[in-house]
Amino acid sequence: MAALPAKLGVVVTAPLVLLARAVDPPLRWWQRMAGQGGMAAVFLLPNLAIFGVFVLFPLALNFVYSTTAGTDILLQGRSFVGGAQYARLLECRDYLDPLTCREDTFWTAAANTLVFVVLQVTMMVVVSTITALILNREIRARGFFRAVFFFPVLLSPVVVGLIWRWILQRQGLLNLVMVSLGLEPEVWLNDRTYAFAATIGVSVWAHMGFYTLILLAGLQAIPKDLYEAAEMDGTRPARVFWRITLPLLGPNLAVVLVLALIRGVQIFDEVYVLTGGGPGTSTLYLTQYIYEVGFASVLRNPGLAAAASILMGLVLVVLTLCQLWLSRRGEAKGAK
Amino acid sequence: MRRVVSFLARRRGHGGRWHWTDAVTWLWLVGGTVLMFGPALWLVASSFKGPAQLAEFPPTLLPYEQIVVQVEGHDAPLPLYEVAGPHGTTRQLAEIRRIGTNAQMVDPTDPDTRLNVDIAARTPIREIGLALDNYVQPLVANDFLRFLWNSVFVTVMATLITLLTNSMAAFALSKYRFRGRDAVMLLIVATLMVPLSVILVPLYSVVNATGLLDSLWGVILPTVATPTGVFLLRQYMLTIPDELLEAARMDHASEWQIYWRIVLPLAAPALAVLAIFSVVWRWNDFLWPLIVLSRRETYTLQVGLNTYAGELNVQWHYILAMTVVTMIPVVLVFVFLQRFITTGIAGAGIK
């Protein structure tokens, strides 16, 4: 039985092996011509070419798009308008009320995203910290329970959205629970507050396992002798937690916080499938705004979408720099 | 029973004394298991129910099927009901049609007499049965087989290209000294800051210009040059001793052979982790395929599912079944390879 996968592997990789043999002679010639530096270029070329065409060039092009207007996606059909798209996005009579802004959906989406991120990240950090602490205890079948909390992380966002749409629908599982508890059933996703809460709960449900793993790794890296010393001194468990566990978990908590922020700001897939941004605009977040303005709406405006995505990108750059700084600091600490 | 309880209640250390935190632990783990697996299991159970049963409230836990009988004089099989008689008796009748709150029914053993029955007095006779049609129908009649194939193609191709290009770049960045190496590394790390959602518009225009719109390659290519992949593989290849490479050079191995015959096999553990990640990423991708693919023949499963779920008249019985199909590869990865992923995340913090 074990031989079958091995044989299958040979069959699958056979063309690749042939290919690898075929490219050897020309590359040997190139190596003689260009030396080791030339070979480095050969090895880097495919990845950098794809990077360049599909990441770096679009990145630069994004700025060009954000200064043009029109519905045409091709650059030739667009007119240069300078900073007009940014001005349109940022024009507001009262910055505390999204409805007074010229581009009110953008501000609604931004405000929604802000509230969503604050609540979701808080909940995410709290829930995954508790879970990691519990998984770090001396429990039976730790591997199994770690896997349990990790399971939803692998599910596709579309599947996550559909699972919960099915549970939250009028005749769904949640209403069954409500009725059996003697409460009134609700059409959850038709209510603005419930729908908003659902997007938070579902995204925490889907991603907490990932952050739990990072925190668990951090907990397991705390030297055991610290706890032994505390036990010898008869330190109360609460004090051990506040004085040993939490400070030493700090770097991991910071990484989790920033990662969750970065991903929270970009939330789209599961929410789009779950609520579609509704009811009304109550669960409309930034990425969906960009998607709809740029692609989905009848009067699409790629320039406006590009400008909005650059504003969102700036937030992400700041957050990512925080992450790099934190992880580098963590590495430096680990090296000591 | 008592032994089970004492087994569950027993704990290590502390001389078996109970503390309130033990109760919290236990509740959290049991509740967590129900909450994490429950929704997916509920989906799987629901996916085997027929459309009529899905519309019921309260829903049953297991899928049932209405028993039908063939009655003389009727072409289609009729659903069988248990009808309460006047003196506490019950009899089994088949329903011909429903008129308001009354049902016109017939006794299968006496097909000529029609009876009028109040619908409140009858209960359907059902047995546990799987509505496999939910699975067969979308795969055969709708386009789901096509979506499935597209998803498999995208996942396999993208993963192969990712492994090849990322490992080549990682090899150059870990084993060669050349001018600009740090700059290239910095560039790659910097692209971590450019998620897809930030460059949607210009990327669409690039894909459009290269003629890849509405093609699966337009989905594959922008995703394959993952900075995380290069980073992960480079970190691993740095641990491969340079002496091995030098020895091979002594034996007149070409640089390409060194990469292909020595470094790649030695980096197999890291490649395996990246392969698993890539499969899960590409299988689950949604936003980018949604934008690039506008013709139904090119849809991946995720886009197809979203389209069917977004229709005015949502056919839940098909959608639930296809959601289960979409879950299968990921569940397989979870069951067999979960350990690789969890150690990969704990070690490198990637996702």
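Whether a residue is out of contact with any strand residue (DSSP E or B) (no Cβ under 9 Å at 6 or more places or on another chain) and surrounded by 13 or more Cβ atoms within 10 Å (Cβ to Cβ) was assessed, and A:V53 passes this test. All of (1) buried (at least 16 other Cβ atoms within 10 Å of the Cβ); (2) without any contact (Cβ under 8 Å) to a residue 40 or more places away in the chain; (3) among the β-branched types (V, I, T) hold for A:V265 with one exception: (2). Looking at B:G16, B:G31, B:G50, just one residue is more than 9 Å from chain A (Cβ to nearest Cβ), at pLDDT 75 or above and more than 30 Å from A:H207 (Cα to Cα), and that residue is B:G50.
Here the helices (runs of 4 or more DSSP H) wholly within the range B:256-351 that include at least 2 residues being surrounded by fewer than 19 Cβ atoms within 10 Å (Cβ to Cβ) and at the interface with chain A (Cβ under 7 Å from one of its Cβ atoms) are B:316-348. Evaluation of A:D269 against the conditions (1) more than 30 Å from A:G218 (Cα to Cα); (2) of a type outside the set (A, V, I, L, M, F, W, C); (3) facing another protein chain (nearest Cβ under 7 Å) shows that the sole unmet condition is (1).
Of all positions in the range B:122-133, at least one carries a residue that is of a type in the set (S, T, Y), more than 14 Å from chain A (Cβ to nearest Cβ) and part of a strand (DSSP E or B). Return yes when A:V118 is under 23 Å from the mean Cα position of the chain (by Cα) and over 22 Å from A:T281 (Cβ atoms) and no when it is not. Answer is no for this residue.
Test B:V106 against the criterion of being over 30 Å from B:P289 (Cα atoms), at pLDDT 75 or above and among the aliphatic types (A, V, I, L, M), and give yes or no. Judged against the criteria, B:V106 is a match.
State whether one or more residues within the range B:142-159 are more than 30 Å from B:V189 (Cα to Cα) and free of Cβ contacts under 8 Å to residues at least 24 places away in the same chain.
There is at least one residue in the range B:142-159 that is more than 30 Å from B:V189 (Cα to Cα) and free of Cβ contacts under 8 Å to residues at least 24 places away in the same chain.
With the structure loaded, tell me whether A:A195 is in a helix (DSSP H, G or I), at pLDDT 85 or above and within 13 Å of chain B (Cβ to nearest Cβ) or whether it fails that test. No, not satisfied.
If the condition is being under 19 Å from B:L173 (Cβ atoms) and either at the interface with chain A (Cβ under 8 Å from one of its Cβ atoms) or in contact with a Phe, Trp or Tyr (Cβ under 9 Å, 6 or more places away or on another chain) (or both), then the range B:206-244 contributes B:V224, B:A225, B:T226, B:P227, B:T228, B:G229, B:V230, B:L232, B:L233, B:R234, B:M237.
Annotation: of all residues in the range A:278-304 being of a type in the set (A, V, I, L, M, F, W, C) and within 10 Å of chain B (Cβ to nearest Cβ), the one that is surrounded by the most Cβ atoms within 10 Å (Cβ to Cβ) is A:I290. In the range A:84-110, the residues that are among the hydroxyl-bearing types (S, T, Y) reach residues that are assigned to a loop (DSSP other than H, G, I, E, B) with C-beta atoms within less than 6 angstrom, at least six apart or across chains, in these pairs: A:T100/A:R93; A:T100/A:D94; A:T108/A:T281. If you go through the range A:109-165 and pick out every residue that is of a type in the set (F, W, Y) and surrounded by fewer than 17 Cβ atoms within 10 Å (Cβ to Cβ), you end up with 1. The residue pairs whose first member lies in the range A:164-186 and is facing chain B (nearest Cβ under 10 Å) and over 19 Å from A:W205 (Cα atoms), whose second member is among the small types (G, A, S) and surrounded by fewer than 16 Cβ atoms within 10 Å (Cβ to Cβ), and whose beta carbons are closer than 9 Å, counting only pairs six or more residues apart or on different chains, are A:Q171/B:A55. Within the range B:160-177, the residues that satisfy the criterion of being over 28 Å from the mean Cα position of the chain (by Cα) and either of a type in the set (S, T, N, Q) or more than 19 Å from B:P222 (Cα to Cα) (or both) are B:F171, B:A172, B:L173, B:S174, B:K175, B:Y176, B:R177.
Counting only helices (runs of 4 or more DSSP H) wholly contained in the range A:259-336, the ones carrying 1 or more residues that are more than 24 Å from A:I163 (Cα to Cα) and of a type in the set (D, E, K, R) occupy A:302-335. The single condition among (1) loosely packed, with under 11 Cβ neighbours inside 10 Å; (2) in contact with a Leu (Cβ under 9 Å, 6 or more places away or on another chain) that B:S46 does not meet is (1). Filtered by the rule that a residue be among the small types (G, A, S) and either within 13 Å of chain B (Cβ to nearest Cβ) or not in a loop (DSSP other than H, G, I, E, B) (or both), the range A:217-246 gives A:A217, A:G218, A:A221, A:A229, A:A230, A:A238.
The values are calculated or read from the model by the stated rules, or taken from the named source; none is laboratory data. Since this is a predicted model, take the numbers as computed values, not measurements. Note that we place each Cβ from the backbone using ideal geometry, even for glycine, and neighbour counts take in every protein chain shown.
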